[in-house]
1. In the range B:68-85, how many are closer than 13 Å to B:ASN155 by Cα and open to solvent by less than 50 Å² (accessible area, probe 1.4 Å)?
2. Quick check on this structure: which one of A:ALA303, A:ALA276, A:ALA295 is under 21 Å from A:GLY62 (Cβ atoms), open to solvent by less than 30 Å² (accessible area, probe 1.4 Å) and part of a helix (DSSP H, G or I)?
3. Among (1) touching a residue at least 60 places away in the same chain (Cβ under 8 Å); (2) more than 19 Å from the chain's Cα centre (by Cα); (3) not in a helix (DSSP H, G or I), which single condition is B:TYR206 missing?
4. Looking at (1) surrounded by 15 or more Cβ atoms within 10 Å (Cβ to Cβ); (2) within 13 Å of another protein chain (Cβ to nearest Cβ); (3) without any contact (Cβ under 8 Å) to a residue 60 or more places away in the chain, can you tell me which one B:GLN141 breaks?
5. Part of a helix (DSSP H, G or I), surrounded by fewer than 22 Cβ atoms within 10 Å (Cβ to Cβ), over 16 Å from the mean Cα position of the chain (by Cα) and hydrophobic (A, V, I, L, M, F, W, C) - does that describe any residue in the range A:332-341?
6. Please verify whether the range A:118-128 includes one or more residues that are among the acidic types (Asp, Glu) and in contact with a Phe, Trp or Tyr (Cβ under 6 Å, 6 or more places away or on another chain).
7. Restricting attention to the range B:3-26, does a residue exist that is farther than 25 Å from B:LEU126 by Cβ, within 16 Å of the chain's Cα centre (by Cα), small (Gly, Ala, Ser) and surrounded by 18 or more Cβ atoms within 10 Å (Cβ to Cβ)?
8. Of all residues in the range B:57-93, which are within 14 Å of another protein chain (Cβ to nearest Cβ), in a loop (DSSP other than H, G, I, E, B) and in contact with a strand residue (DSSP E or B) (Cβ under 7 Å, 6 or more places away or on another chain)?
Amino acid sequence: MTGALHAALAALEAVPLASIGEILTDLADLETLVGIGLDGLSKFGIYVTIAAGLSLIFGLMGVLNFAHGSLTMLGAYLGGAFMLFFVSSATGDVVTIVFFFCTMALVFAIVTGLGAVLEIGVIRPIYDRPPLFQILLTFGIVLVLDEVVRIVLELEGIQSSTDWQAARGTRPDEILGFHEVFGISIRAIYQFQTIVGILVVVATWWFLTRTRYGLHIRAGSEDGEMAQALGIDVRRSFTVVFGVGAGLAALAGVMLMWDPRYGASVPLGVETLLIAFVVVIIGGLGSFKGTVVAAAIVGLVDALMSWLFVNHVDFAGLPELVMFLVLVLVLVARPQGLYGVEEVGGH
Amino acid sequence: MSDAPALALEDVHTYYGQSHVLQGVSLEVEAGEDVALLGRNGVGKTTTLRSILQLTPPRSGTVRLHGEDITGLPTHEVARRGVGWVPEERRMFGHLTVNENLRAGVPPDANPDERIERAFERFPDLREHRQQEADSLSGGQQQMLALGRALVGDNDVLLVDEPTEGLAPLIVEEVVEALDALPEDRTLVLVEQNVPMALELTDRFYVIDHGEVVAEGDSASASLEDDRIRRYLTA
């Protein structure tokens, strides 16, 4: 038994039966529930933005992209760097907000391009190899991206714990300030994450179900060979999906840069990759619908467990522990995930 | 369009890994001609169709479409040049609706509604199931959909692989009617185990054995009793 599990059990033992009643009483309070719900929605927004790309890439290409989290990390640093470049002490509030949205668009475009280049130059040559090659290759990309970021930070003499506070200082007040929602004070960035998450879901759903290109992507993910025989350029679909998936991961990174719970750091890549994998596996590999539902479940579980940790259970690893427990339970009950199909990958 | 045959295979050799499946197939199909590929299971008929489409590209030899060498082209480029495929296992996009399956076959510059309507006129049964996922259709309906999906494209060469396999006699009739009703200028290459039916539907036939063309002739004058056919079809 691991030390972490010991700690978890000890923490749970520390919750006497009497206090379960106390927890339930607290939970029955509308303000508490709304607070947990809003926190859960913000986490849903982040998780779905990161995991949507991972899920689309696996669904169409059958590639488990281990570098996905590193692209989120890259997005966070690029977001911070652009805002440091754009914003000075003389920049007004409205202009800062405009720069913030420009930064999001720029980071999305740059990392989408980087994703497309990676797909064409590095991943395409190994499509016909066994999955182990793709796993090793994308893991190699993680090492390269992480080291490149470390080298750049070192060369620029940037310390992540201090210098990026300056980048944080560039955030628009409207984004990081507190707002009142249903009588609850909540950071605007959390609401912003919720809105972006919902927009990503709606835009991706619309793209996949209402556009010709989306139809081609869905056809290609079911049977790549048949799709090609109908004149569909499945390889171009691969490039577009890999690029957009990478761009979405980076978009989430920009939001995390100004999120007090995360910020920019090299380990952010692994941290977000783990959560994205949990979401995608619970939802069912390759199922966009499953990813959306799983992101909502994981977001709410995370929010509820974070509330428990802050208020009742003295164990910081509780959200992760329960998140992985949910993953195990889903896999035991339904190994292909909530909406997964037994075979995915179109080539 | 040139005077060159719609389709010409010249000494095509195709492998699956180390297995040498097509061992020098050569055949020609004129524009508007209907040709049957006959032979026992596993002799290379389906591989011939896959080699034409470049799904399993030949290691040597040439595939020409209206005189143009298409060997080594990506499959989607071959399809865009007018080669349609109705595969043996139907290969529906199972989680897409009937409508979406058909729409996937419509070329970018065509009006999808008009093309889909044309498919529904040919196979009225599909219209009732237009919003249903393809996986939920019966075998016969799936075969109609596979044919319909190929017919909505701008294909002047249609490769049809075992279209009646496993179907009820009534559905077979409908499939035969659909193939029979193909426009005169559309070229058909038909792989079919039901030899009398294949001969009835086509102008000429090729018999393939051990990855080679071993016999050919006019369908009208041939039958199951024909020695050219019988010796290669009986075990």
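1. Step one: of the range B:68-85, the residues closer than 13 Å to B:ASN155 by Cα are B:76-85.
Cutting the leftovers down to open to solvent by less than 50 Å² (accessible area, probe 1.4 Å) gives us B:76, B:78-79, B:82-85.
Summing the residues that are closer than 13 Å to B:ASN155 by Cα and open to solvent by less than 50 Å² (accessible area, probe 1.4 Å) in the range B:68-85 gives 7.
2. Details: A:ALA303 fails: under 21 Å from A:GLY62 (Cβ atoms); A:ALA295 fails: under 21 Å from A:GLY62 (Cβ atoms).
Among A:ALA303, A:ALA276, A:ALA295, only A:ALA276 is under 21 Å from A:GLY62 (Cβ atoms), open to solvent by less than 30 Å² (accessible area, probe 1.4 Å) and part of a helix (DSSP H, G or I).
3. All conditions are met except number (2).
4. Unmet for B:GLN141, out of (1) surrounded by 15 or more Cβ atoms within 10 Å (Cβ to Cβ); (2) within 13 Å of another protein chain (Cβ to nearest Cβ); (3) without any contact (Cβ under 8 Å) to a residue 60 or more places away in the chain: (2).
5. Taking the range A:332-341 first, the residues part of a helix (DSSP H, G or I) are A:332-333.
Narrowing further to those that are surrounded by fewer than 22 Cβ atoms within 10 Å (Cβ to Cβ): A:332-333.
Remaining after also requiring over 16 Å from the mean Cα position of the chain (by Cα): A:332-333.
Now narrow it down to the ones that are hydrophobic (A, V, I, L, M, F, W, C): A:332-333.
Looking for residues that are part of a helix (DSSP H, G or I), surrounded by fewer than 22 Cβ atoms within 10 Å (Cβ to Cβ), over 16 Å from the mean Cα position of the chain (by Cα) and hydrophobic (A, V, I, L, M, F, W, C), one finds at least one in the range A:332-341, hence yes.
6. Here is the first cut: in the range A:118-128, the ones among the acidic types (Asp, Glu) are A:119, A:128.
Keeping just the survivors that are in contact with a Phe, Trp or Tyr (Cβ under 6 Å, 6 or more places away or on another chain) gives A:119.
Taking every residue of the range A:118-128 in turn, at least one turns out to be among the acidic types (Asp, Glu) and in contact with a Phe, Trp or Tyr (Cβ under 6 Å, 6 or more places away or on another chain).
7. Step one: of the range B:3-26, the residues farther than 25 Å from B:LEU126 by Cβ are B:3-26.
Subsequent filtering for residues that are within 16 Å of the chain's Cα centre (by Cα) retains B:6-9.
Imposing the further condition that a residue be small (Gly, Ala, Ser) reduces the set to B:6, B:8.
Next, only the ones that are surrounded by 18 or more Cβ atoms within 10 Å (Cβ to Cβ) stay: B:6, B:8.
Yes: the range B:3-26 contains one or more residues that are farther than 25 Å from B:LEU126 by Cβ, within 16 Å of the chain's Cα centre (by Cα), small (Gly, Ala, Ser) and surrounded by 18 or more Cβ atoms within 10 Å (Cβ to Cβ).
8. B:ILE70, B:ARG81, B:GLY82, B:PRO87, B:GLU88
The values are calculated or read from the model by the stated rules, or taken from the named source; none is laboratory data. Everything quoted here is computed from the prediction, not taken from an experiment. Using ideal geometry, Cβ is built from the backbone for each residue, glycine included, and neighbour counts are taken over all protein chains shown. When the accessible area is computed, the model is the full protein with side chains, heavy atoms only, and any ligands, DNA or RNA have been set aside. Shrake-Rupley method; radii C 1.70, N 1.55, O 1.52, S 1.80 Å.
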